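Right, one structure below, let's go through it.
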Amino acid sequence: MIKRILVFVIFAWLVHLNVFSQELKVKSFILAATDISAQAQPRKDLNGEPCALLKVQFVGDILNVKGNVILPLLKEDYETWVYLTHGSRQMQVTAKNYLPLMIKFADYGVESVEKNRTYVLVLSQMGGYSAEATSSASTMNAPSKTSSADVITIPIKDGVNIEMVKVEAGTFMMGATSEDKNASADEKTIHQVTLTHGYYMGKYEVTQAQWQVVMGSNPSYFKGNNLPVEQVSWDDSQEFIAKLNSMTGKKFRLPSEAEWEYAARGGMKSRGYRYSGSSKISDVAWYGGNSGSTTHPVGTKQPNELGLYDMSGNVCEWCQDWYGDYSSSSQINPTGVVSGEFRVYRGTCWVDDEESCCLPCRLPDTQDSGHYDLGLRLVLSE
């Protein structure tokens, strides 16, 4: 009996040691160049200087952060906002059931954090074992999940529906950064944009099944109900939207170019990825390097931070705006130039190379043109 008790005590001690000695590791640490949360929701240090903002993403309970931290920490779901003084080079993170982790920023290519800049730190489990920890690590490695409350389904006809994802209002930097080395001249005027109203964006590109049930025809070169519709012009898209609105009683429209880029970047949930949902293009896009020279069913790649699919690759997508040069000044709810010769389309497609698929990419075409690499995605105002 004593022997059994002793075995049980040793076993319990080992389990306790195992659960409470999990180790954290840094999965990624980047400067989110287009995320202006540090400016939009600023905090100052004791000397009145603006702080840097570090968004720590971890499926677990962050208990404490030590370093040049300006408290309090801000927590929402699996993200903790940490404000650090300008020039900070390291910090220590302690999470429930995990050993403290000292993070030296230079180990991840960031010598020190800068004021008014936003950084994203993703943590995950390393070593040890517990059911809770394993579940958490799996969740962290998975794409961002969208709450069911953020998705609405609108029936069209004959069992065909359209799913829309909520995009919260916010502020972001639009255009190419210094990291987008192959950006064209019309993409390089980076400027602050504020969208004051939330909206719903199509979870997927408009499919051939949706187009067929509204228009009674299918103009696409590549055929398949769940493939994105293509070979549709801007004018065709407006006709489709008018009929769809008549059938559903809703007010669908094309997105403005600013709405499109904001959603593609992940809105206020942005992690600063190069492509929509990842910095590894094959995770999120059907492009020239993996498409096999054809379109693919929508939603078969990883979504972005908002739960939107194929914002990079598959087919390009019409926007409402006329094509024109960006303004260098800050903009509120921009809708592009007043008039022009061409309309804007965004998103890149199955034929583009990896460099062309970066998020700032924008192209013009006449509004009566339709190609087998060009489709659309819808917006519904709140």
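Counting only helices (runs of 4 or more DSSP H) that sit wholly inside region 214-295, not one has at least 3 residues that are among the basic types (Lys, Arg) and either over 20 Å from Asp353 (Cα atoms) or touching a His at 6+ places or on another chain (Cβ under 9 Å) (or both). So, of the residues in region 319-340 that are outside any loop (DSSP other than H, G, I, E, B) and of a type outside the set (Asp, Glu), which turns out to be nearest to the chain's Cα centre (by Cα)? Going through the qualifying residues, I end up with Cys319. Here's a check for you: in region 363-382, which residue that is in contact with a Gly (Cβ under 9 Å, 6 or more places away or on another chain) and of a type in the set (D, E, K, R) is nearest to Leu227 (Cα to Cα)? Within region 363-382, the match that is nearest to Leu227 (Cα to Cα) is Arg377.
So, Lys181, is that one at pLDDT 95 or above and in the same structural domain as Thr348 (by TED's automatic domain parsing) or not? So Lys181 does not fit the description; no.
Only residues that are outside any strand (DSSP E or B) and crowded, with 17+ Cβ neighbours inside 10 Å: list them for region 48-69, please. Once the filter is applied, which keeps residues that are outside any strand (DSSP E or B) and crowded, with 17+ Cβ neighbours inside 10 Å, region 48-69 yields Cys51, Phe58, Val59, Gly60, Asn68. Scanning region 343-354 for residues that are within 10 Å of Asp321 (Cβ to Cβ) and among the hydrophobic types (A, V, I, L, M, F, W, C) returns a single hit, Val344. Identification of strands (runs of 3 or more DSSP E) wholly contained in region 341-382 with 2 or more residues that are closer than 28 Å to Glu179 by Cα yields 343-346, 362-365.
Is it the case that some residue within region 250-266 is of a type in the set (Asp, Glu), modelled with pLDDT of 95 or more and surrounded by fewer than 21 Cβ atoms within 10 Å (Cβ to Cβ)? No.
Mind checking whether some residue in region 32-43 is part of a loop (DSSP other than H, G, I, E, B) and over 27 Å from Met174 (Cα atoms)? Within region 32-43, not a single residue is part of a loop (DSSP other than H, G, I, E, B) and over 27 Å from Met174 (Cα atoms).
Among the residues of region 307-318, is any over 24 Å from Phe252 (Cβ atoms), in contact (Cβ under 8 Å) with a residue 24 or more places away in the chain, in a loop (DSSP other than H, G, I, E, B) and of a type in the set (A, V, I, L, M)?
No - not one qualifying residue is present in region 307-318.
Test Gly87 against the criterion of being surrounded by fewer than 18 Cβ atoms within 10 Å (Cβ to Cβ) and either at positive phi or in contact with a strand residue (DSSP E or B) (Cβ under 6 Å, 6 or more places away or on another chain) (or both), and give yes or no. It is true that Gly87 is surrounded by fewer than 18 Cβ atoms within 10 Å (Cβ to Cβ) and either at positive phi or in contact with a strand residue (DSSP E or B) (Cβ under 6 Å, 6 or more places away or on another chain) (or both).
The values are calculated or read from the model by the stated rules, or taken from the named source; none is laboratory data. What you see is a predicted model, and the numbers here were worked out from it, not measured in a lab. We place every Cβ from the backbone using ideal geometry, glycine too, and count neighbours over all the protein chains shown.
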